[in-house]
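Before any comments, here is the structure.
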Amino acid sequence: MQTYDSWAISLKNNEQEMADRRQMSEGKFAFLLLLPSLILIAVLILYPLIYSFVLSLSNFDIQEMTRTYVGFRNYLVIFEDQRFAISLKNTLIYLLLNLILGITISLILALVLDEPIRGKALYKTSLLVPWAISPIVVSVMFLWIFHANYGIVNYALLSLGLVREPIQFLGDPAYALYTITFVNLWKFVPLVTLILLTGLQNLNRDQIKAAKIDGANAIQRFRYIILPHLRPTILAASIVLIVFSLLTFDLVYAMTGGGPADSTFMLYFLAYKTSFDWLRLGYGASIAYWVTFIVVILAILMHRFFRERKAI
């Protein structure tokens, strides 16, 4: 009997050992499959991140190809830079306008597209068009649309008698930032609309039908049923808008070059100009990292805001 028990224990141990080896070999196989992706991530993402951070801690002389370590001085000098203050102000105005108008307009469009209207599939497909067009192409297109002498907007305003002389949409500091905001909204509102529409289509329709039967009107159904369920999706869409708004570079580069009178200088464009036009690579890298810090802080604040209201 003892011999049989020993044999059974030995057999069980062998089976367990074989299972462990099989699990280990599956783990190694999975790691080998992931290895090319991990190498690509390390080369294309981690190395530039680490290198740019090290660069931000130094002053790099590109002519002498020498680097002087300055610690976090570049991060502190920013507070004495008047152009950084202007860029930060412009970026915050641009960000708030994009966030408030982008979410409001997209939510209205998503609610309309969620209704059983004729041609809905065509409208949803056409929403992808602005998002699919290259930002540079969008910039050139709107440069002509808002052109002071040949643009269709000024032509319409003059024809209708709404203005006496052409408006310098991109040449007047009073209008330039708002014109770029409009162009950015034209490009990103369709994407945000699709995100919100996806959230709307996942709502529980039985609750909405029950509210209708109980006599709730459209505003009450939106306030007490749709909006609470849609808040996590609104949070995700808001973060998308924040990130893309803070990273705006191509529209500024192609439409105004930061002018007129620095009225469209924004943080990412300032980082580019500082690094590659004014050849202050370390200082430019520190500006780019400040943008990253702002994005992370805003994302955390928005997450807390929605969590406190039990939206997520």
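All of the numbers you see were taken from the coordinates with simple rules; none came from a lab. Since this is a predicted model, take the numbers as computed values, not measurements. Because the Cβ atoms are built from the backbone with ideal geometry, glycine has one as well, and the counts that use them run over all protein chains shown.
How would you classify segment 136-217 from its alpha-carbon gyration tensor, with a ≥ b ≥ c the square roots of the eigenvalues: rounded for a/c under 1.5, else prolate if a/b is greater than b/c, otherwise oblate? Mind dumping the intermediate values first?
Details: a/c = 4.09, a/b = 2.41, b/c = 1.70.
Because a/c hits 1.5 or more and a/b exceeds b/c, segment 136-217 counts as prolate.
Taking the chain as the reference, fit the longest principal axis to its C-alpha atoms, fit the long axis of helix 227-246 to the helix C-alpha atoms, and give the angle between the two in degrees, 0 to 90, nearest 10.
On a 0 to 90 degree scale, this one is about 70.
What Kirkwood radius, in Å to one decimal, follows from the Cα pairs of the chain?
When all Cα pairs of the chain are included, the Kirkwood radius is 24.1 Å.
Taking the Cβ of A211 as the centre, find all other residues whose Cβ is under 12 Å away and add up their charges (Lys, Arg: +1; Asp, Glu: -1). Could you put the intermediate results ahead of the total?
Working: positive: R205, K209, K212, R221, R223; negative: D206, D214.
Result for the neighbourhood of A211: +3.
So which trypsin sites (Lys or Arg not before Pro) in segment 78-170 are both in a DSSP loop and have at most 15 other Cβ atoms within 10 Å of their Cβ?
Details: sites: R83, K89, R118, K120, K124, R164; in loops: R118, R164.
Of the trypsin sites (Lys or Arg not before Pro), the ones in loops of segment 78-170 whose Cβ has at most 15 other Cβ atoms within 10 Å are R118, R164.
Hey, what does the equivalent ellipsoid look like for segment 50-113, semi-axes from the Cα gyration tensor as sqrt of 5 times each eigenvalue, largest first, whole Å? Kindly include the intermediate steps, with their values, before the conclusion.
Details: eigenvalues 328, 46, 17 Å².
In descending order, the three semi-axes are 40, 15, 9 Å.
Note down the magnitude of the dipole of the chain about its Cα centre, charges +1 on Lys and Arg C-beta and -1 on Asp and Glu C-beta and zero elsewhere, to the nearest 20 debye.
900 debye
Go through 55-67, 193-205, 279-291 and give me the packing order, highest mean Cβ count within 10 Å leading.
The densest-packed peptide leads the list: 279-291, 193-205, 55-67.
Between Y155, Y75, Y175, where does the largest GNM mean-square fluctuation fall for the chain, given springs only between Cα atoms within less than 10 Å?
For the chain, modelled as a Gaussian network with Cα springs under 10 Å, the answer is Y155.
So what J values fall out for segment 212-221 if you push phi through Karplus, 6.51 cos²θ - 1.76 cosθ + 1.60 with θ = phi - 60°, rounded to Hz, Gly and Pro as x?
Working through the residues one at a time gives 4, 5, 6, x, 6, 7, 4, 5, 5, 5 Hz.
Percent relative contact order of segment 1-137, based on C-alpha pairs within less than 8 angstrom and at least six residues apart? Could you put the intermediate results ahead of the total?
Values: 27 pairs, mean separation 11.0, N = 137.
In percent, rounded to a whole number, it is 8.
Evaluated at 10 °C with a viscosity of 1.306 mPa s, what Stokes-Einstein diffusion coefficient in µm²/s does segment 199-312 have when Rh comes from the Kirkwood expression over alpha-carbon pairs?
92 µm²/s
How high is the relative contact order of segment 132-198, in percent, with contacts defined as C-alpha pairs under 8 Å that are six or more residues apart?
Relative contact order for segment 132-198 comes out at 21 percent.
So who's got an amide H within less than 5 Å of the one on S58, skipping anything under 5 residues away but keeping other chains? H placed 1.01 Å off N, in plane.
V70
Between V183, L241, S286, whose Cα lies farthest towards the positive end of the dipole of segment 171-312 when Lys and Arg beta carbons carry +1 and Asp and Glu beta carbons carry -1, centred on the Cα centre?
With unit charges placed on the Cβ atoms, the residue in question is L241.
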